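Undergrad: Just dropping this structure here.
The values are calculated or read from the model by the stated rules, or taken from the named source; none is laboratory data. Note that the coordinates shown come from a computational prediction; the quantities given were computed from them, not determined experimentally. Here the Cβ is made from the backbone with ideal geometry for all residues, glycine too, and neighbour counts use every protein chain on show.
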Amino acid sequence: MNIPEHIYFVMGTARSGKSSVARALHERFGGALYSVDEKRPDLFARARPERQPTMCKKITSLKGLSAADLVALERAIAREMTPMALEDVITLALRHEKVICEGDLDLALFARDIRPDRMVFLRTGSELLHREFLAGWQLPEGARQSPLAQAIARHVEEVQQRALGGKATPEGVREIFSGDGTTLEELTEQAAVQFGLA
């Protein structure tokens with residue numbers, strides 16, 4: 001896949017500040033902003049059974065699904081949604097000098113097709129449940145730190161690491177740790193330095 005070099009990816013774990021950092025980069029440096037979470041309803045509306053079978057399934061309830069089933073479901077959705085989102089972002093790149101993309105994509109599908117300095121991966125230092133699993137389903141705040149949520153978060157992390165050859169992030173991608181008093185300005189500056197914008 002040919003991904004233009006003026007697309008910058010802000011990936012990360014749940015509540016790590018992906019959306020906030022991406023918005024701050026957009027406000028500071030201009031260009032287009034693409035939020036996978038905000039585009040999710042549109043991506044689902046465009047899904048076709050022959051190409052996105054999981055996204056086209058009519059799931060009325062998540063009750064009765066095990067943690068492993070839920071993780072597998074969300075991973076399948078991310079895998080099917082990623083090529084659609086990348087197509088959108090590449091189209092935006094034809095009209096804008098910079099495109100900042102944030103959200104939950106299947107890194108294994110495209111991480112090797114971009115320069116490492118075009119992605120940052122934000123992490124919290126905690127065991128919060130990954131947004132890639134929670135996207136589309138809201139859990140009460142306390143449930144995010146439950147033993148089940150933590151177990152699912154660890155499982156999602158292991159799946160992602162296996163997909164990337166045992167590494168948590170692709171070679172050369174900068175991990176930025178949020179929390180512990182780190183300000184939005186500091187996180188944004190670290191991302192801007194990684195991207196060569198600052």
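Undergrad: Search the stretch 1-32 for residues being within 18 Å of the chain's Cα centre (by Cα) and among the charged types (D, E, K, R), and hand back the single one that is farthest from Thr188 (Cα to Cα).
TA: Selected residue: Arg15.
Undergrad: Here is a follow-up. Which residue out of Met55, Met84 is part of a helix (DSSP H, G or I), at pLDDT 95 or above and buried (at least 18 other Cβ atoms within 10 Å of the Cβ)?
TA: When all the criteria are applied, what remains is Met84.
Undergrad: Looking at Glu132 and the list (1) in a helix (DSSP H, G or I); (2) under 26 Å from Ala191 (Cβ atoms); (3) at pLDDT 90 or above; (4) not aliphatic (A, V, I, L, M), which single condition is not satisfied?
TA: (3)
Undergrad: Ala68: modelled with pLDDT under 90, more than 24 Å from Leu184 (Cβ to Cβ) and part of a helix (DSSP H, G or I), yes or no?
TA: Criteria met by Ala68.
Undergrad: So how many residues does the stretch 37-52 have that are closer than 17 Å to Ser19 by Cα and surrounded by 16 or more Cβ atoms within 10 Å (Cβ to Cβ)?
TA: 2
Undergrad: Which numbered condition in (1) within 15 Å of Tyr8 (Cα to Cα); (2) touching a His at 6+ places or on another chain (Cβ under 6 Å) is the only one that Val99 fails?
TA: Exception for Val99: condition (2).
Undergrad: Can you name the condition, by its number, that Arg40 falls short on among (1) closer than 24 Å to Ala192 by Cα; (2) modelled with pLDDT under 95; (3) charged (D, E, K, R)?
TA: The single condition Arg40 does not satisfy is (1).
Undergrad: Among the residues of the stretch 32-54, how many are closer than 21 Å to Leu122 by Cα and not polar (S, T, N, Q)?
TA: Total meeting the criteria: 8.
Undergrad: Is there any pair linking a residue in the stretch 51-63 that is closer than 11 Å to Ala76 by Cα to one that is assigned to a helix (DSSP H, G or I) and of a type outside the set (Ser, Thr, Tyr), with Cβ under 6 Å and at least six apart or on different chains, and which?
TA: Listed pairs, sorted by first residue: Gln52/Glu80; Thr54/Ala76; Thr54/Ile77; Thr54/Glu80; Met55/Phe44; Met55/Ile77; Met55/Glu80.
Undergrad: Quick check, is Glu97 at pLDDT 90 or above and assigned to a loop (DSSP other than H, G, I, E, B)?
TA: Yes.
Undergrad: Which of (1) touching a helix residue (DSSP H, G or I) at 6+ places or on another chain (Cβ under 6 Å); (2) over 29 Å from Thr183 (Cβ atoms); (3) part of a loop (DSSP other than H, G, I, E, B) does Asp104 not meet, given it meets every other one?
TA: Here Asp104 meets the rest and fails (2).
Undergrad: Report every pair of residues separated by at least 6 positions or lying on different chains whose Cβ atoms are under 6 Å apart, first residue within the stretch 1-29 and buried (at least 24 other Cβ atoms within 10 Å of the Cβ) and at pLDDT below 95, second assigned to a loop (DSSP other than H, G, I, E, B) and of a type outside the set (D, E, K, R).
TA: Thr13/His130
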